[in-house]
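Structure record follows, encoded as structure tokens.
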Amino acid sequence: MRRTFILIFLVFVSFLNANYLIDVYHKDYGVIDRTVLVFDTRPDYEILKHESDIQINLAGCRKDASLQKLDMPDNKVITGLNYWVTTDKVMVMININTSQLIVTGEIYKVEGMELQGDVFKLVLDIFISTDPQTLSELTSYASFYETIGDAKLAEEYNNKVLRLRNELKSQQKTADSKPAQAVTKRESVKVAEIVKSDLQNIVSKLNFKLIGIVVIALILLVVVIFLIIKLFRKKISAFKGNDDNLRPSDGFADMNYLENLAKDLAAKDWEAEEIAKELELPIETIQRIIAPDLE
């Protein structure tokens, strides 16, 4: 009886000295998750980081009966929370979203922090992406640091978000202009192909014998035109050459008339050269008419 009383007393004292896990909650920030464990007093804890989970051992601790297993299928960082309870400790298991780690190719990071107030809080910040590059990752970081009140890091990541958005807009404008150029090029190629196809159809339908006859006829026509032009030029040349012979060399009247006219002009003191030019007769003929004795 005495032993039973002592055992009950020791168990009662141990319960009085045990810590109590009041609550567990978390906040999803995309590629960052903040998980908070709430106790009545500071516990004796140990955090073990494994490849696919984080194990928190709480020696001499009890937990609230309402805290049960929780699944989080839509969370990028953790997939759920689970609890293991023994007589001397409580173990909290935080399961890591390893499928997301395969995508990023990174190893997750955990940062712990203690907050003491009316209650004790053990804060675990879990980063599934330690080197944010995409717009969603940078936005997650900016939102996280804004929420926890780190203005410097919040501004840094907000600036990165703004720069990346501008780059993406510029790339989008370039991408939008390329299809228009490609369409124009394709249309040009299409027109060229249509013209080429039409020419091939025309050539295939032509009678090559008929083409030969037409070509020969064109050559003969050119030769005939050339000969006509040549003969025409020759006639014009002959006409010009005989132009001086159209007028008689012996003057424009019979010889008796010319002789009388030459004598009349000589009587009027015309020189022989002037008379010859006027009557269009050789000067020798004029001299013979006006001065036969001298001859």
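The values are calculated or read from the model by the stated rules, or taken from the named source; none is laboratory data. Just so you know, these numbers come straight off a predicted model, no measurement behind them. No Cβ is skipped: glycine too gets one built from the backbone with ideal geometry, and neighbour counts run over all protein chains shown. SASA here: full protein model, heavy atoms, side chains in, ligands and nucleic acids out. Shrake-Rupley method; radii C 1.70, N 1.55, O 1.52, S 1.80 Å.
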Open item on the list: Using a probe radius of 1.4 Å on heavy atoms only, what accessible surface per residue do you get for region 74-137? Whole Å² is fine.
Closed with: 52 Å²
Task: Cβ-derived FRET efficiency at R0 35 Å, Val222 paired with Met255, nearest 0.05 - done: 0.05
Open item on the list: Just the number: Rg to Rh for region 100-185, Cα atoms, Kirkwood Rh, two decimals.
Closed with: 1.21
Open item on the list: Could you work out the percent of alpha carbon pairs in region 28-157 separated by over 19 Å, rounded to a whole number?
Closed with: 52 percent
- [ ] Compute the relative contact order of region 13-159 as a whole-number percentage, counting only Cα pairs closer than 8 Å that sit 6 or more residues apart in sequence.
- [x] 23 percent
TODO: Roll a 1.4 Å probe over the protein chains and send me the accessible area per residue for region 23-65 in Å².
DONE: 46 Å²
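Please get the size of the charge dipole for region 14-153, origin at its Cα centre, with Cβ charges of +1 on Lys and Arg and -1 on Asp and Glu, quoted in debye to the nearest 20. Could the numbers behind the result be given before it?
On the way: 12 positive and 21 negative charges, 44 e Å.
With only Lys, Arg, Asp and Glu charged at Cβ, the dipole is about 220 debye.
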- [ ] Could you calculate the contour length gain from Ser136 to Lys268, that is, 0.36 nm times the residue separation minus the distance between their Cα atoms, to one decimal place in nm?
- [x] 34.6 nm
TODO: Just report the Cα centroid separation between region 95-113 and region 258-293, whole Å.
DONE: 138 Å
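Using only C-alpha positions, report the orientation-averaged shadow area of the convex hull of region 49-112, nm², one decimal.
Working: hull surface 19.7 nm².
Directional mean of the projected Cα hull area for region 49-112 stands at 4.9 nm².
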Task: Per-residue ³J(HN,Hα) for region 264-270, Karplus 6.51 cos²θ - 1.76 cosθ + 1.60, θ = phi - 60°, Hz, x for Gly and Pro - done: 5, 5, 5, 5, 8, 6, 7
